[in-house]
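Q: Structure provided below as structure tokens; questions to follow.
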Amino acid sequence: MKNKISKSEVQKEIKNFFENIKDKTPKDIKKIKRLAMSKNIPLKEKRKLFCKKCYAVYRNPKIRIKNKIKSVECEKCGNISRWKL
Ligand SMILES: [Zn+2]
């Protein structure tokens, strides 16, 4: 992989990537995450779109909300991510 692209180019790439997140594979997610990290670009809200364990895109996850904590269970590996609301 060429490492000569600028930060703004990477930001654009990440934005495009997440616009079409539903078509992405865990391999793609790993790649874009690594790319973002290499440029110190935080993914913020976008991190909630995929499982942080197996990197599968959430399609039909089990979502529970309790005590202002939202839990999302990955339908692929069963890992539960929790987010404060
Ligand atoms: Zn998972």
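Q: How do GLU45, GLU13, GLU75 rank when sorted from fewest to most other Cβ atoms within 10 Å of their own Cβ?
A: Least crowded to most crowded, the residues run GLU45, GLU75, GLU13.
Q: Counting every Cα pair in the chain, what percent are over 17 Å apart?
A: The calculated P(r) of the chain puts 50 percent of pairs beyond 17 Å.
Q: Now a separate question. Taking a threshold of 30 Å on the Cα-Cα distance, which of the pairs LYS15/LYS68; LYS39/LYS66; LYS4/LYS70; LYS7/LYS52; LYS53/LYS84; LYS24/LYS62 fall above it?
A: As for pairs spanning more than 30 Å Cα to Cα, those are LYS39/LYS66; LYS4/LYS70.
Q: Using a Förster distance of 35 angstrom, determine the FRET efficiency expected from the C-beta separation of ASN20 and LYS84, and round it to 0.05.
A: Efficiency at R0 = 35 Å is approximately 0.80.
Q: Loop only by DSSP, 12 or fewer other Cβ within 10 Å of the Cβ. Give me the trypsin sites (Lys or Arg not before Pro) in the stretch 1-61 that pass, ordered by residue number.
A: Sparse-neighbourhood loop trypsin sites (Lys or Arg not before Pro): LYS2, LYS4, LYS52, ARG59.
Q: Working out 0.36 nm times the residue gap between SER8 and ARG59, then minus their Cα-Cα distance, what length gain in nm do you get to one decimal?
A: 15.5 nm
Q: Next up: Using only helices, what value at 222 nm comes out for the chain when you add -39,500 (n - 2.57) per DSSP H run of length 4 or more and divide by the total residues, to the nearest 500 deg cm²/dmol?
A: Taking each H run of at least 4 residues, the total per residue is -9500 deg cm²/dmol.
Q: If I build a Gaussian network model for the chain, linking alpha-carbon pairs within less than 10 angstrom, which residue out of ILE32, ILE65, ILE41 has the largest mean-square fluctuation?
A: Of ILE32, ILE65, ILE41, the Gaussian network model singles out ILE65 as fluctuating most.
Q: OK, next. Between ASN40, ASN20, ASN67, where does the largest GNM mean-square fluctuation fall for the chain, given springs only between Cα atoms within less than 10 Å?
A: Most flexible of the set in this elastic network: ASN67.
None of the figures in this text is laboratory data; all of them are computed from the coordinates on show. Just so you know, these numbers come straight off a predicted model, no measurement behind them. Using ideal geometry, Cβ is built from the backbone for each residue, glycine included, and neighbour counts are taken over all protein chains shown.
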